[in-house]
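Taken together, the values in this text are just the output of simple stated rules run on the coordinates, not laboratory data. All values derive from a computational prediction rather than experimental measurement. FYI the Cβ positions are ideal-geometry reconstructions off the backbone, even for glycines, and counts take in every protein chain you see.
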Amino acid sequence: MIRFLGCLLLMGVGVWGQSTTGTIVGTVSDPSGLMIPGAEVLLVHPATGFERQTVSSEAGSFALPSLAPGEYRLTVKKEGFKTSERRNLNLSASETLSVGEVRLEVGSPSESVTVTAEGATVQTASAERAGLVTSSQVASLTIRGRNVTTLLQLLPGVVDTSDRSAIDRGYGYNIQGGRANSTNVTLDGMTAVDIGNNNSGTVAVGMDAVAEVKVLLTNYTAEYGRMAGGNVQLVTKSGSRQFHGMGSYFKRHEQFNANNFFNNMTGLPKPRTRLNVYSYNIGGPVTIPKLFNTNRENLYFFWSQEFQRQMITSAARTVRVPTAIERAGDFSRSFDVNGTLIPIYDPLAAAGSTRVRFPGNAVPASRLTPLGKSVLNLFPL
């Protein structure tokens, strides 16, 4: 009975992550600049048909919170004024986007004024500094290592210290001069950093499943204060009212590479570097004609998979092996790169911190054991 009650309690425990939703704010005014209260504000997400309504306050302001990242259309109506419509409002993760002052012209609500394009948006609704890698950049820019976080080095204040030609899903960048292990990384609002070292990921996400990457650099709210440094937010794609799919193939092969200088000098071939990545995704509405979600406005799905096959050999290295006289214990002609004799000390003759060199820098034959000779024979001449 106690176990049963314990299970019920655990089932009732909620888990909250950091929010990736945003807010759109603005004000409504008349041609003279006076604020208009009670104006009807309608926000539509064209991709899914999602709608959110509110009215302007006594001060003419409005706020539409808890919005998923994406492109929106804003419509403002008031009796005695023309309808105003703003299109192509791109809201990123955890952003407070201000549309500024929506000025209504005198006329009939059946008439409308549509703004389809505006200049670059200046952040005036919050004090945070943030950088954004958009969905078009994620889709268009080729990354050798297929790690979407490589794109973060495009943002000001972010320094990537990792080898991004390697095939991995790790994190290794410094934000605003902070340490790499002080950066928090979330995937759709859930922390994706290994809390054991704060320097690697617990989940891997394919590039083709990522909609955008946002970095909160400085002055962000306490909601994102889990770590001392920046906050990286990975936002995955979602389904929409229309079915969409994609298939891709990514290949790396040494046949496309140039050999390095040292391999050419020693006559070695190019090291094997082969990577084959197969990826696909599909998304759309969950609907049953004439029975469920017929308007395609309530339930959606998105599925993505990525398969990797790689064959990579370690680069050839040049190492020094014992010469014939060194195998016999004679190190009188063993010099370093600066021409200095390499001293050989007798480990059995050391007295405290004082080390004693073998006479003539040679190890006596009596000190060479059969086991030692067998080990030396494992090295090529």
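Within region 15-103, the GluC sites (Glu not before Pro) that combine a DSSP coil assignment with at most 10 other C-beta atoms in a 10 angstrom radius are Glu58, Glu79.
When the chain is treated as a Gaussian network with alpha carbon springs shorter than 10 Å, the biggest mean-square fluctuation among Gly267, Gly229, Gly245 belongs to Gly267.
Distance between the pseudo-spin-label points of Arg87 and Tyr249 (7 Å out from Cα toward the beta carbon): 3.9 nm.
Descending by average beta-carbon neighbour count within 10 Å, the peptides 137-146, 253-262 line up as 137-146, 253-262, the highest first. Placing one equal scatterer on every Cα of the chain and applying the Debye formula, the log10 ratio I(q)/I(0) at q = 0.07, 0.11, 0.13 Å⁻¹ is -0.56, -0.97, -1.17. All Cα-Cα separations within region 203-346 were binned at 10 Å from zero, giving a P(r) of 8, 17, 16, 19, 14, 12, 7, 3, 2, 0, each value a whole percent of the pairs. Listed by chain and number, the lysines whose alpha-carbon sits under 21 Å from that of Lys214, ignoring those within fewer than 8 places in the same chain, are Lys237. Would you please classify the overall shape of region 142-235 from the alpha carbon gyration tensor, given that a ≥ b ≥ c denote the square roots of the eigenvalues, rounded means a/c under 1.5, and beyond that prolate means a/b larger than b/c while oblate covers the rest? Because its axes are fairly even, with a/c under 1.5, region 142-235 counts as rounded. Neighbours of Val235 by Cβ distance under 10 Å: Lys/Arg scored +1, Asp/Glu scored -1, total 0. Using a Gaussian network model of the chain whose springs link C-alpha atoms within less than 10 Å, name the residue from Gly80, Gly157, Gly230 with the highest mean-square fluctuation. Comparing Gly80, Gly157, Gly230 in the GNM, the peak value goes to Gly80. Comparing mean-square fluctuations of Ala127, Ala63, Ala349 from a GNM of the chain with C-alpha springs under 10 Å, the top value falls on Ala349.
How would region 137-294 be classified by its alpha-carbon gyration tensor: rounded, prolate or oblate, with rounded meaning a/c under 1.5 and the a/b versus b/c comparison settling the rest? Oblate. In a fully extended conformation the segment linking Val337 and Ala365 would gain 7.4 nm over its present Cα-Cα distance, using 0.36 nm per residue.
Taking the charge dipole of region 187-268 about its Cα centre, with +1 at Lys and Arg Cβ atoms and -1 at Asp and Glu Cβ atoms, the residue from Thr218, Leu187, Asn197 reaching farthest to the positive side is Leu187.
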